[in-house]
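Single-structure report; data block below.
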Amino acid sequence: MPVWDALREAGRAEPVGYQALDSLRIEKGYRYFGTDLTASDTPFEAGLGFCVAKAKHPELERDPATRLRTLVVGGEEYQTLYGGEAVHAGGEVVGRVRSAAYGFTVARNVALAKVPAELEEGVEVTVDVLGELVPAVVAPDVLYDPANARIRA
């Protein structure tokens, strides 16, 4: 592992665990099949309609009733989110968190939740975090590097 050793000695690499990787993927808006996406979700519900060749699959192009949205939950302090938490809007449960992590790059709690499609960016909701309704906001799908400039660098 000479490359790893050289990177470590130069201070360019640190060992991280799965939770760090999960945090980064959620900040970047990357979906995880089996948690964020299931076989019953369409690409449009998942926010992945841009991946569909609409000319080849016009039957798929429709306005979905639900949508996987990014939520920023609470403030900068860590919230204990596991997935499965209820999302409330207008005094009722409207969806569930599918996955969540503390986003260290954006210094916020980030959750991916399936909610009604009409809940667009900027809409305020609450998330039931261990029995406490914590304020949250529907955020852009990609919180970190939305133009992919860092990936292409």
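Annotations for the structure displayed:
Residues checked against (1) farther than 12 Å from Ala139 by Cβ; (2) in contact (Cβ under 8 Å) with a residue 24 or more places away in the chain:
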{"position": "Glu76", "(1), (2)": "yes, yes"}
{"position": "Gly91", "(1), (2)": "yes, no"}
{"position": "Ala101", "(1), (2)": "yes, yes"}
{"position": "Glu121", "(1), (2)": "no, no"}
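- The requirement of being in contact (Cβ under 8 Å) with a residue 60 or more places away in the chain and hydrophobic (A, V, I, L, M, F, W, C) is fulfilled somewhere in segment 11-20, by at least one residue.
- Only listed residue being touching a strand residue (DSSP E or B) at 6+ places or on another chain (Cβ under 9 Å) and either part of a loop (DSSP other than H, G, I, E, B) or more than 27 Å from Asp63 (Cα to Cα) (or both), chosen from Thr80, Thr105: Thr80
- If the condition is being touching a strand residue (DSSP E or B) at 6+ places or on another chain (Cβ under 7 Å) and of a type in the set (Ser, Thr, Tyr), then segment 1-60 contributes Ser23, Tyr32, Thr35.
- Applying the criterion of being under 12 Å from the mean Cα position of the chain (by Cα) and assigned to a loop (DSSP other than H, G, I, E, B) to the residues of segment 108-150, the residue that is farthest from Thr66 (Cα to Cα) is Tyr144.
- Applying the condition of being of a type in the set (Ser, Thr, Tyr) and buried (at least 16 other Cβ atoms within 10 Å of the Cβ) to segment 92-107 and asking which residue is nearest to the chain's Cα centre (by Cα) yields Ser99.
- Among the candidates Leu112, Leu71, residue that is within 20 Å of Val123 (Cα to Cα), touching a helix residue (DSSP H, G or I) at 6+ places or on another chain (Cβ under 7 Å) and surrounded by 15 or more Cβ atoms within 10 Å (Cβ to Cβ): Leu112
- For Val94, the conditions (1) modelled with pLDDT of 85 or more; (2) closer than 30 Å to Gly131 by Cβ; (3) part of a helix (DSSP H, G or I); (4) not basic (Lys, Arg) are fulfilled apart from (3).
- Failed item, numbered, when Ala39 is tested on (1) of a type in the set (A, V, I, L, M); (2) in contact (Cβ under 8 Å) with a residue 24 or more places away in the chain; (3) part of a loop (DSSP other than H, G, I, E, B): (2)
- Looking only at segment 1-58, and only at residues there that are among the basic types (Lys, Arg) and over 30 Å from Leu71 (Cβ atoms), the one that is modelled with the highest pLDDT: Arg8
The values are calculated or read from the model by the stated rules, or taken from the named source; none is laboratory data. Every value quoted in this text rests on a predicted model; they were computed, and no experiment measured them. For neighbour counting, all protein chains shown are included, and Cβ atoms are generated from backbone atoms with ideal geometry for every residue, glycine included.
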